[in-house]
Amino acid sequence: QKEVEQDPGPLSVPEGAIVSLNCTYSNSAFQYFMWYRQYSRKGPELLMYTYSSGNKEDGRFTAQVDKSSKYISLFIRDSQPSDSATYLCAMRDGNNRLAFGKGNQVVVIP
Amino acid sequence: DTAVSQTPKYLVTQMGNDKSIKCEQNLGHDTMYWYKQDSKKFLKIMFSYNNKELIINETVPNRFSPKSPDKAHLNLHINSLELGDSAVYFCASSQWGLAGRRQETQYFGPGTRLLVL
């Protein structure tokens, strides 16, 4: 079993819909949880970061962490065509080692 | 100003050759990384250097040798290239040891697309 599981999709939604992405993990040592966005032919860029269970909002983006279930989610409200990208979940352990999910390709159709 | 830069952007080469990829960051960070992203977009860490010292060395063939001449540079040399080495290689940097969000922010370069024929 991989440390971080993320269903690669792809996921197509109409503009304005809510996008829901999630990852599960098996390593209890992971303490910090991140979502990265990667546009085609670009490097990943950090979108959201959290270290505790619960919700964190940043504009149209909400990151959710459930440490007891080892499950994290990213929600994008009022999705825009510019949100079309690959979204990667990432987790860091106490030794600063970062593990990524496979990434979800999201397409927002105008 | 480019924060993390890599050269070259594209690299097409024959099997068996030796090649190098260079990475430079101008963010003043003390930690740099090399990642490999395969054709299925899976991003996997290869190496990490903190203050020029190797701190993460994942299971990578010893044909791959990173070199960090100073904190702002981390180069990757690959010997005897194989077909399976074809991928996009990303360099990243971060500041280790700071509390809060900034510690987790790894800034990625644009990637080097390597194709081994």
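I want to confirm something. Restricting to region B:1-38 and keeping residues that are in contact with a Lys or Arg (Cβ under 8 Å, 6 or more places away or on another chain) and acidic (Asp, Glu), which single residue is most open to solvent (accessible area, probe 1.4 Å)?
B:Asp38
In region A:73-96, how many residues are touching a strand residue (DSSP E or B) at 6+ places or on another chain (Cβ under 6 Å) and within 14 Å of chain B (Cβ to nearest Cβ)?
So the answer is 8.
May I ask you to list pairs of residues, at least six apart or on different chains, whose Cβ atoms are under 9 Å apart, with the first in region A:43-69 being within 13 Å of chain B (Cβ to nearest Cβ) and the second being assigned to a strand (DSSP E or B) and loosely packed, with under 15 Cβ neighbours inside 10 Å?
Hits for this filter: A:Leu47/A:Asp58; A:Met48/A:Asp58; A:Ala63/A:Asn55; A:Ala63/A:Glu57.
Please go through region A:54-73 and give me each residue that is open to solvent by less than 70 Å² (accessible area, probe 1.4 Å) and touching a Ser or Thr at 6+ places or on another chain (Cβ under 7 Å), ordered by number.
A:Ala63, A:Gln64, A:Val65, A:Asp66, A:Lys70, A:Ser73
Out of the residues in region A:27-42 that are open to solvent by 50 Å² or more (accessible area, probe 1.4 Å) and without any contact (Cβ under 8 Å) to a residue 60 or more places away in the chain, which is farthest from the other protein chains (Cβ to nearest Cβ)?
The extreme case among them is A:Ser28.
Scan region A:62-89 residue by residue and report those that are in contact with a Gly (Cβ under 7 Å, 6 or more places away or on another chain) and either outside any strand (DSSP E or B) or under 18 Å from A:Gly103 (Cβ atoms) (or both).
Once the filter is applied, which keeps residues that are in contact with a Gly (Cβ under 7 Å, 6 or more places away or on another chain) and either outside any strand (DSSP E or B) or under 18 Å from A:Gly103 (Cβ atoms) (or both), region A:62-89 yields A:Asp78, A:Ser79, A:Thr86, A:Tyr87, A:Leu88, A:Cys89.
Can you give me the ranges of the strands (runs of 3 or more DSSP E) entirely in region B:1-79 with at least 2 residues that are more than 14 Å from every other protein chain (Cβ to nearest Cβ) and over 23 Å from A:Lys2 (Cβ atoms)?
Details: elements: B:4-7, B:10-13, B:19-25, B:31-37, B:43-50, B:53-57, B:64-70, B:73-78.
Qualifying strands (runs of 3 or more DSSP E): B:10-13, B:19-25, B:64-70, B:73-78.
Six or more apart or on different chains, Cβ atoms under 9 Å: show the pairs whose first residue is in region B:97-116 and more than 8 Å from chain A (Cβ to nearest Cβ) and part of a loop (DSSP other than H, G, I, E, B) and whose second is open to solvent by less than 10 Å² (accessible area, probe 1.4 Å) and at pLDDT below 95.
Final answer for the pair search is B:Gly97/B:Thr31.
Taking region A:2-28 only, how many residues are part of a loop (DSSP other than H, G, I, E, B) and closer than 10 Å to A:Val106 by Cα?
Within region A:2-28, the first condition is being part of a loop (DSSP other than H, G, I, E, B), and the residues that meet it are A:2-3, A:6-10, A:15-18, A:26-28.
Within this subset, residues satisfying the condition of being closer than 10 Å to A:Val106 by Cα are A:8-10.
The total comes to 3.
Keeping to region A:59-110, report how many residues are among the aromatic types (Phe, Trp, Tyr) and farther than 25 Å from A:Gln31 by Cα. Reasoning before the result, please.
Of region A:59-110, the ones among the aromatic types (Phe, Trp, Tyr) are A:61, A:71, A:75, A:87, A:100.
Applying the additional criterion that residues be farther than 25 Å from A:Gln31 by Cα yields none.
Matching residues across region A:59-110 total 0.
In region A:80-93, is there at least one residue being surrounded by fewer than 21 Cβ atoms within 10 Å (Cβ to Cβ), modelled with pLDDT under 90 and out of contact with any Leu (no Cβ under 9 Å at 6 or more places or on another chain)?
Yes, that holds for at least one residue.
The values are calculated or read from the model by the stated rules, or taken from the named source; none is laboratory data. As the structure is a prediction and not an experimental result, all values here were calculated from the model. Cβ coordinates were reconstructed from backbone atoms using ideal geometry, including for glycine residues, and neighbour counts include every protein chain displayed. The protein model used for the area step is the full one, side chains on, heavy atoms only, and it has no ligands, DNA or RNA in it. Shrake-Rupley method; radii C 1.70, N 1.55, O 1.52, S 1.80 Å.
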